[in-house]
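Taken together, the values in this text are just the output of simple stated rules run on the coordinates, not laboratory data. Treat the numbers as computed from the prediction; the structure is a model and nothing was measured. Neighbour counts are summed over all protein chains in view; Cβ atoms, including those assigned to glycine, are modelled from backbone coordinates with ideal geometry.
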Amino acid sequence: MKNIAVLVSGGGTNLQALIDAEKSGIIKGGKITCVIASNPEAYALKRAENNGISTRVIPRKEYSDVADYTKAVTDALIEVKADLVVYAGFMTILDEQIVKAFPYKMMNVHPALIPSFCGKGFYGLHVHEAALAKGVKLSGATVHFVTEVCDGGPIILQKAVPVENGDTPEILQRRIMEQAEWKILPEAVSLFCQDKIEVIDGKAVIKD
Ligand code: GAR
C-alpha cells in the first residue's frame, strides 16, 4: 500500500474527491495518510480532520524564501514516508530540491488543457479568466508529474470540458472541477499506486 500525501492551500474539493474515491475503492493500492497545508485557514484541513487524516500546517508566510520553505515541506514529506505527493490546489511554487527528493513521485492537477493557460501566474480563477478572454471553446483539466518546470512535467491524464455562452470564470471553474478534475485526479493517483505509469523519453505512458 502506497502512502499518499496531499498538499493543499484552499477549499480542498480535489482532496475531497480523493477521499471519496479512496472510500469507494476507486483508488487501488494507496491510502491518504497525510495532508499538508500552506495556509492555516485552508478549509481542506477541516475535510482531512473530518475523515481522520493527519494534518500539518507549514505556513508559507512564516518563510522568507522559497528554498527554506521547500526544505520544510520536503522534510515533512520524508518524515511521513510519502510514496506519492499530490498537489491538490497547492498554490505555492517550490524549488528543485523537492523534485530531486521525489522524482516522478509528485503529481499536480491543473485546471486547463496544458500547454494552454499554464505556467507562472496561471492558478485558480486566473486560468479560467484567461481561457474566457481568449474565447476558447474547449478547456479542461490536466494531471501531470511535477518537475522543475512550472506545469511542464509529463502529462498523465487530460479531460476536455466545453466552454458555454455566458460562462463566468466561477461557472467554468465549477464545470471543469465536476466534469474533469474530480475524475482524472483520483484516476491518475490509482494508476500510480498500481505502478501503471512509466516515464519514457520525458513522456508519461500508461501501461495496460
Ligand atoms: C482547482 O481548480 C485546481 O485545479 C487549481 O485550484 C483549484 C483548487 O481547488 N489549481 C491550480 O490552479 C494550481 N496551479 P480545491 O482547493 O477546491 O481543490
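Once the chain from E164 to I78 is taken as fully extended at 0.36 nm per residue, the excess over their C-alpha distance is 26.6 nm. For the chain, taking the reciprocal of the average inverse distance between every pair of different Cα atoms yields a Kirkwood hydrodynamic radius of 17.1 Å.
Which FRET efficiency, nearest 0.05, do I171 and K203 yield, Cβ-Cβ r, R0 45 Å? Given R0 = 45 Å and the Cβ-Cβ separation, E is 0.85. A straight Cα-to-Cα reach below 15 Å connects K134 with the aspartates and glutamates E164, D167, residues fewer than 8 places away in its own chain not being considered.
Using packing as a proxy for protection, rank 182-191, 147-156 so that the peptide with the highest average count of other Cβ atoms within 10 Å comes first.
Values: 182-191: 22.1, 147-156: 17.7.
With the highest mean Cβ count within 10 Å placed first, the list reads 182-191, 147-156.
Counting every other Cβ atom within 10 Å of each residue's Cβ, F122, F145 order from fewest to most as F122, F145. Taking other C-beta atoms within 10 Å as the exposure proxy, F102, F192 rank F102, F192 from fewest upward. Taking 21 Å as the limit for the C-alpha separation, the pairs K2/K207; K100/K159; K28/K105; K31/K203; K28/K207 exceed it in the case of K100/K159; K31/K203. Peptide packing for 78-90, 5-17 was compared via the average number of neighbouring C-beta atoms within 10 Å per residue; ordered from the highest value, the list is 5-17, 78-90. Among the GluC sites (Glu not before Pro) found in the stretch 5-63, those both in a DSSP coil and sparsely packed, with 15 or fewer other Cβ atoms within 10 Å of their Cβ, are E41. In terms of overall dimensions, the C-alpha atoms belonging to the stretch 4-101 reach 40, 28, 18 Å along their principal axes, ordered largest to smallest. Here the translational diffusion coefficient of the stretch 105-199 follows from Stokes-Einstein with Rh set to the Kirkwood radius across Cα pairs; for 10 °C and 1.306 mPa s it amounts to 119 µm²/s.
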